[in-house]
Every structure is written in C-alpha cells, then in structure tokens.
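> Have a look at the structure that comes next, please.
The values are calculated or read from the model by the stated rules, or taken from the named source; none is laboratory data. The shown structure was predicted, so the numbers you read here are calculated from the model rather than taken from an experiment. Cβ coordinates were reconstructed from backbone atoms using ideal geometry, including for glycine residues, and neighbour counts include every protein chain displayed. Remember, those area values only see protein heavy atoms, side chains included, never the ligands or the DNA or RNA. Shrake-Rupley method; radii C 1.70, N 1.55, O 1.52, S 1.80 Å.
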Amino acid sequence: METSETGIEFQQYWQILKRRWLPALVVFISIIALFSYKILSEKPVYEAEGKLLLKKTTAGSSLTELGKEIGQLTPAAEQSNPLTTEIQVIRSTEIVEKAINQMRLKDEDGKTLSTKDFLKKLTVASVRGADILTISYKSKNPKQAAAVVKYLMALYLENNLKVNRLEAVSVREFIEKKLPAAEKMMRLTAAELSYFKEKNKVVNLEEEAKSAVTSLAKIESEINEAKSDLVKVTAQSQAYQKELQMNPRQALVASNLSQSNSVQEALKEYQQVERQLTLEKNRYLESSPVITKLETKKASLKALLDRQVQQIAGSGQQQYDEKLQIGDVKPKLIEEFVQVDVQRQGLADRVAVLENALASYKRRVQSLPELEKQQRQLSRKLQEAESAYAQLQNKLQEIRIAENQRVGNARIIQQASIPQEPMASRKSLMLVSGAMLGSLLGIATALALESQDKSVKTIDEARDLFGLTLLGVIPAHKFEQNSWRKLFQRSPGNGDSEPSGRQIVVKDTPHTNISAAYRMLQANLRFLSSDKELKVIVISSSLPQEGKSTVAANLAATVAQLGRKVLLVDADMHRPVQHRIWDTPNQVGLSNAIVGQTEWKSAIAPVMDNLDLLSCGVIPPNPMALLDSQRITLLIEQFASNYDLVIIDSPSLNVAADAPILGKKADGILMVARPGVLYSGSVAFAKDLLKKSHQHVLGMVVNGVVPKNEPHSHYYFANESYTQVQSPSKHKKS
C-alpha cells in the first residue's frame, strides 16, 4: 500500500515537472552559470597544517604524583570530549583576535580580517583514535598560511601554561583560606568528644557493656542473700517481741532503765512508800495526817521517777509503765532482743542500698547504646575533621610544588611548513554541488509555480472538483499539444477559440483515438437513457475556450454516423462558432426563427448525412429574452419531434445564464471541462449555479487532454495504432 502511494506521489511530481519544465530549466541553467563563473574566477588556495599532542597529565605530575589534577584533560560531563573543548579554546575569540592583530591579517579589500572570516579559513580537528589536534589554515599566500598556524600553536601553548599556573594559584589560595577553618573544626570536635566522655563518665563503653551482665547478676545475688538474712533476723525479732511483750523501742528503754542507778533508787523508795501506805490504810482513816503525809510522799516520788524515766527514755515516755518494772525485766533477754533488732535494721538498709545500686546500674546499662551512638558520631566527626585537615595540608604541599612547574600538557609534534602546491581543485565538486543546487531550486521553482497556479491540470482533478459522472475524455489535437503554440491558442474573446477550418475529427479522421473517444462518449450517453431516451441535450462549460462547440459538433457527427437523425442548434448568441466549424452562412438562424422572421425548417442547413445545423443567426441585443420565451420552448418541442437527437450548443456559464435556461427546457446538460483552462474558482461558481437552478446534469466531458500530461492516460485513451488498422468498411459494419 505504501509503495502504491509513493508511486502516485512520484507521478504527480513528474507531471508537475513536465508542465513547468521551462522555468525549472531556466533556474537550473542560471545556477550552473553562476557556479561556473565562480569556479573560473577562483584563485588557488594554499593550506598549511600543524599537529599538537595533548597529554592527560603533565610530565612532572606523572612522575611525582603532585598536582596531577591541574591541567588534566578530563570531561566535565558524561557526553563531552576533552579534545572538543580544546578545539573550542583554539577557536575562541580571544586567541583569534590576538592572532589577527599580531599578524595584521587583511581581507581582499585591505581591511582588517574579521573573526568570522578567519574562522572560515581555520580548521581545527581531532585525529580519530589519538589525542592529537590538527590545525590548518587556508590562504592564497602560502607563507601567511604557515605563519598563522605556527603563531596559533605557540599562542595555544603559552595560554595552556598560563591557565595551568593560574589554576594552581587559585587552588592554593583556596586551600590556604580553608585550612584555618578545618583546623578550628578539628579542635572543636576534639573538645566536644572530651566533654562528652567527662560528662557521662565514659572510659571504655565497649568493656563496660561486656561486664554489665556479670555486674547485674552479682548485685541481684547480693540482694537475694541480704533479703534471706533479713527474713531470718526479722523472725527472731518478732519472737523476742512476743516473749517480752514489748517492741524494740520499749526493750531498749527498759534496758536503759535497768542500768540507771537513779531510776532504780527512786523506784525502790517509791515501792517502799507504796507498801507503807498500804499498811497504814489498814490502821488509819483516809483523813488521817499519816495517810495524807504518805500520799504526798508517794506523789513526790512518782513525779521524781517520771522525770528520771523521761530523761532516759525520752520525752515521748510520759509516765512509768508498770510492765517494765525493774524487778520483772530480764536484762540479758532484752539485750539480745536489742542486738537482733539492730542486725535486722542493718540488713534492711543493705537491701535498700543494693536495690538502689541495681536500679542505677540498670539505668546506666539502658543508656549505653545511646552513649555509644553519640560517641561514634563524635569520633567519626573528629576523624573526618582530622582527615580533612590532613588532606588539605597534603594538597597545599602538592599545589605549591605544581605551581612552580612550568610544563604544560601539550606539545608540538608537527610544525607547520610552507605549502608548495595549492589545495586540490574543488572545481568538479563545486560543479556537482551547483548541479545539485540548481536541480533542487529548479524543482522548488516548479513546485512554487504549481502551488500558485489554481487551474485544473488533470482529468482526476476535474472529476473530483465537479463531482459529476465522467462520460468521456477527448484528447487534444496534435497541433494543440505543442506547448509553445498552446501559449497563444487562447483568444481574448469570450467564446471558444476555434481556429479557422474544419474541426470535425470524427468525419475527417474517423480511425484516430480522438474519434474513438467521441464514439465512447455517445455510447455512454446511450447508457444513461436506458429508461428514457434522451432527445434534447444542452452542452455548456464553466468558461469559454474549453471547446464545448467542438465537442457539440463532433458528438453530433458521431451520432449521425450511426444512422440517427440529429439537429445541431447553435444557441450561443454571444459568440457563435458552429457556422465557422461547418463553414456555412449565418444570415438566418435560431434568433430569426424565435422572433418569427422565418420558419426554422427553412433556416436549417444539411452539413452531413443525417445531420442538420441550425446556426445562431443574427445576434440579438438581449439573447436571454429570446431564450427565456415561450417561443423557444415550442421550437425545442418541434425539434425533438422531428429528430432523434437535438444537441444545443449554449454559452459558458460564466458568460450568461442562457445555459441554465435552456437546460430546464431540455433533458439534461452535458458539461465540458478542459484542463489548463479551467480553475477551481470557476468550478465552484458553475456547481453553485447548476445547483441553484436545479439542473439535471448528465455528466461531464474532459476535453483537450494531452496524454503525456496525464499520469493514467492509458485508462482513458484507446491505442491509436489499433484504431488506425481498422478498415472503414469494418468500422461501418461494427
């Protein structure tokens, strides 16, 4: 499918070139002439060439490994090429302008050579597969060409050394600025790590983490042991308390009281007075002075005893407890009770201390991962700071050494020499280029002219624009196919341009392809009238000069040759031509019959067997008034009743509205279109007029077709050699 479409497009372009060959040829010859003049006037050009070797590193840096990054040829991006970068350096405006000014280069007009013209003569390229640049310069002066190349290479080498040194200086200054900051950062990081260890009491977190499990187990074991001892001592204390009926505090107080002489003496006196008072109560009354005296003495001793007990037992002991009387206390048992309680209290305190230590140790263990993380971060930060500082120190030393090196990474491997012979002649290449350019411009000219030309050029274009049934294709006469004569075949008038002399091809040359085309046309018309026979046909066209009158005459002659009686009516009252085609007088005709000046039968002229012609007659001042009258309608009915076929030659649609008027009175209109005369605007006008007037259009005939201008001419035209071999008798028989 794609191959077919490509073939169609090629044929279309070929047809355009065939139609526009003259302007395309003029453009082609002009370009060739211009290039030929340039080739003949061109002076010999000499080209000098030199070569540079570019090394990735300098000789000194490759040996010492110091400052090897300075001047190193490395790409800045993945897709870039270091050699391409150096090429652009050599072609830079700074170097080019310096070369132009230093060598005082001039152009052909004696003015200072421009940078643009210099770069046109300069070629800088890389050798494939090697780190080598070739520098060449073209000039009509061979010495100047060699001198320019030498100067450019020397200038590039000098610039290379300068750039490398400046790069080293800039790097050194940058490092010297960064070094104090790196040292300060290192010191601050070290102080931060030291403060962290001191604050968190960090010695060796790794060892501390390893011993954490053992330490925790040991503390827990001690806690369990202390708790076990505490339980035992607590049980002993409770047994003593139950036996003595006192708590540890009371036992301690009782022990202290039993060991106090003053308390014991006061207690004895108190007990003696109490016994004496009991005895005297049996002897005396309560109001007796003896009893009163003993009561007073008892109260005094009681108060003394209470004060002494309070002094020993404390202020909390308000009065002497009779259960703790000295006589009833067992001093040894109390002492043992007190010792057991002291031991219990000590064990309780030990358990509390161990539990606090365990909780503290667990908190420490839980904080070890975070402390290790912080220590690693600080240690890594310190290591990076120390590494950065040491690296800057090393780089500074390297850069200082590299700064003192005066070796570049480029050297000359081929010095430019004065060329002895000019460059190889490019005349043949320029001539081929001129031919190619001329061909392209010629084709472009043809296409441009074609795009500006709105005329219809092919059968397919005419059929597509009209949208009508194609009933026939009539080839042009041989004298019409001459392209030079065709330029002058159109007359400035409004009618068809019919040359003088007869044009009845089907009568004069019946065995040509043109006659066969007319016979095909009449056959197609017969096929259209299979249901209803066509009696009256109006033939018209969109524009004058499309050959409608010639088509009408030859179609009438073709039908008459078949034995049918035909009347050819010339209704073109603006520029009639049928009388000239048939070489008959035009004094009396259709116009005279319409106005009643004569009978139509007396105005007709037999021009061929079975063919009569009714010429136009006198041209009236208002043809439309005659053609739109009732009289012409009656005449057409009479024509149809007396003849088998009536063919009416009417004016073109853009000349007058005669054709639509006659078409309404006939069986249909046959449109004639001629490529090269017809254009898209006239087609649109004709279609609109036919549509608005509700015409019955039978179809269209494409006239005046040049077979060599048609891409598919073999579809429409019979083989001329075949038609010529047929005998007249055989043709009549068929």
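> Going down the list LYS116/LYS162; LYS197/LYS218; LYS664/LYS691; LYS227/LYS332; LYS242/LYS268, which pairs span over 18 Å between their C-alpha atoms? Walk me through the numbers before you get to the answer.
Numbers: LYS116/LYS162 26 Å; LYS197/LYS218 26 Å; LYS664/LYS691 12 Å; LYS227/LYS332 28 Å; LYS242/LYS268 28 Å.
Listed pairs above 18 Å: LYS116/LYS162; LYS197/LYS218; LYS227/LYS332; LYS242/LYS268.
> In whole Hz and in residue order, list the ³J(HN,Hα) couplings for segment 228-240 that follow from phi through the Karplus curve 6.51 cos²θ - 1.76 cosθ + 1.60, θ = phi - 60°; x for Gly and Pro.
So the J values, rounded to whole Hz, are 5, 5, 5, 5, 5, 5, 5, 5, 4, 4, 5, 5, 4.
> Mean separation of Cα pairs under 8 Å and 6+ residues apart, divided by the residue count of segment 639-697: what relative contact order is that in percent? The partial results should precede the final answer.
Values: 33 pairs, mean separation 21.9, N = 59.
Reported relative contact order: 37 percent.
> Classify segment 564-674 as rounded, prolate or oblate, taking a ≥ b ≥ c as the square roots of the eigenvalues of its Cα gyration tensor: rounded when a/c is under 1.5, otherwise prolate if a/b is larger than b/c and oblate if not. Numbers along the way, then the final one.
Working: a/c = 1.21, a/b = 1.14, b/c = 1.06.
Verdict is rounded for segment 564-674.
> In nm, to one decimal, how far is the LEU689 label point from the GLU222 one, both placed 7 Å along Cα→Cβ?
With each label point 7 Å from Cα toward Cβ, the separation is 12.8 nm.
> Using the beta-carbon distance between THR112 and ILE29 and R0 = 45 Å, what value does 1/(1 + (r/R0)^6) give for FRET efficiency, to the nearest 0.05? Could the numbers behind the result be given before it?
Values: r = 39 Å, r/R0 = 0.86.
That pair, THR112 with ILE29, gives E of 0.70.
> Figure the gain on full extension for VAL365 and HIS511 (residue separation times 0.36 nm, minus the Cα-Cα span) and round it to one decimal in nm. If you can, show how the numbers build up before the last one.
Details: separation 146, 0.36 × 146 = 52.56 nm, distance 12.29 nm.
Residue separation times 0.36 nm, minus the Cα-Cα distance, leaves 40.3 nm.
> Might you report the magnitude of the Cβ-based charge dipole of segment 554-658 about its Cα centre, with Lys and Arg at +1 and Asp and Glu at -1, to the nearest 20 debye?
Working: 6 positive and 11 negative charges, 12 e Å.
Roughly 60 debye for segment 554-658.
> Further, regarding this structure: Per residue of segment 382-397, in order, report the coupling 6.51 cos²θ - 1.76 cosθ + 1.60 (Karplus, θ = phi - 60°) as ³J(HN,Hα) in whole Hz, putting x for Gly and Pro.
Ordered by residue, 3J(HN,Hα) equals 5, 5, 5, 5, 5, 5, 4, 5, 5, 5, 4, 4, 5, 4, 4, 5 Hz.
> Okay, next question. Which whole-number percent gives the relative contact order of segment 121-193, counting Cα pairs below 8 Å spaced six or more residues apart? Numbers along the way, then the final one.
Details: 32 pairs, mean separation 11.2, N = 73.
Value for segment 121-193: 15 percent.
> From the protein chains alone at 1.4 Å, what is the descending order of accessible area for MET153, MET186, MET520, largest first?
Numbers: MET153 0, MET186 40, MET520 110 Å².
Largest accessible area first, the residues go MET520, MET186, MET153.
> Set the Förster distance to 56 Å, then compute FRET efficiency between ALA239 and GLU386 from the Cβ-Cβ distance, nearest 0.05.
On the way: r = 71 Å, r/R0 = 1.26.
The formula returns an efficiency of 0.20 here.
> Right, next: With a point put 7 Å past each Cα toward its Cβ, work out how far ASN356 is from ALA154 in nm, to one decimal.
9.4
> What does the charge dipole of segment 328-367 about its Cα centre add up to, to the nearest 20 debye, if the Cβ of each Lys and Arg holds +1 and the Cβ of each Asp and Glu holds -1?
Working: 7 positive and 6 negative charges, 82 e Å.
Rounded to the nearest 20 debye, it is 400 debye.
> Give me the one-decimal nm value for the distance between modelled label points at MET103 and LYS201, 7 Å along each residue's Cα-to-Cβ direction.
With each label placed 7 Å out from Cα toward Cβ, I get 8.5 nm.
> Another question about this same structure. Using a Förster radius of 45 Å, what is the FRET efficiency between GLN420 and ASN394 based on their Cβ-Cβ separation? Nearest 0.05, please. Please list the in-between numbers first.
Numbers: r = 55 Å, r/R0 = 1.22.
After rounding, the FRET efficiency stands at 0.25.
> Let me ask something additional. For ILE619 and GLU192 in the same chain, what is the full-extension length gain: residue separation times 0.36 nm, less their Cα-Cα distance, in nm?
Details: separation 427, 0.36 × 427 = 153.72 nm, distance 12.27 nm.
Gain on stretching ILE619 to GLU192: 141.4 nm.
> Taking θ = phi - 60°, what integer Hz values does the Karplus form 6.51 cos²θ - 1.76 cosθ + 1.60 yield along segment 112-117, in sequence order, with x for Gly and Pro?
4, 4, 7, 4, 4, 5
> Further, regarding this structure: Based on the alpha-carbon gyration tensor of segment 519-589 and its eigenvalue square roots a ≥ b ≥ c, which shape applies: rounded if a/c is under 1.5, prolate if not and a/b is larger than b/c, or oblate? Spell out each step's value before the answer.
Details: a/c = 2.02, a/b = 1.58, b/c = 1.28.
It is prolate, given that a/c is not under 1.5 and a/b is the larger ratio.
> Would you mind checking LYS507/LYS601; LYS177/LYS373; LYS51/LYS395 for any pair whose Cα atoms are more than 29 angstrom apart?
Numbers: LYS507/LYS601 24 Å; LYS177/LYS373 33 Å; LYS51/LYS395 34 Å.
Distance filter (> 29 Å) returns LYS177/LYS373; LYS51/LYS395.
> Would you mind calculating the gained length between MET436 and THR584 on full extension (0.36 nm times residue separation, minus the Cα-Cα distance), in nm to one decimal? Each step should come with its number before you reach the end.
Details: separation 148, 0.36 × 148 = 53.28 nm, distance 5.79 nm.
Using 0.36 nm per residue and subtracting the Cα-Cα distance, I get 47.5 nm.
> In square angstrom, rounded to the nearest 10, how much accessible surface does GLU243 have for a 1.4 Å probe?
Roll a 1.4 Å probe over it and GLU243 shows about 110 Å².
> Given LEU347, SER379, LEU358, which one lies farthest toward the positive end of the charge dipole of segment 338-400, if we put +1 on the Cβ of every Lys and Arg and -1 on the Cβ of every Asp and Glu?
SER379
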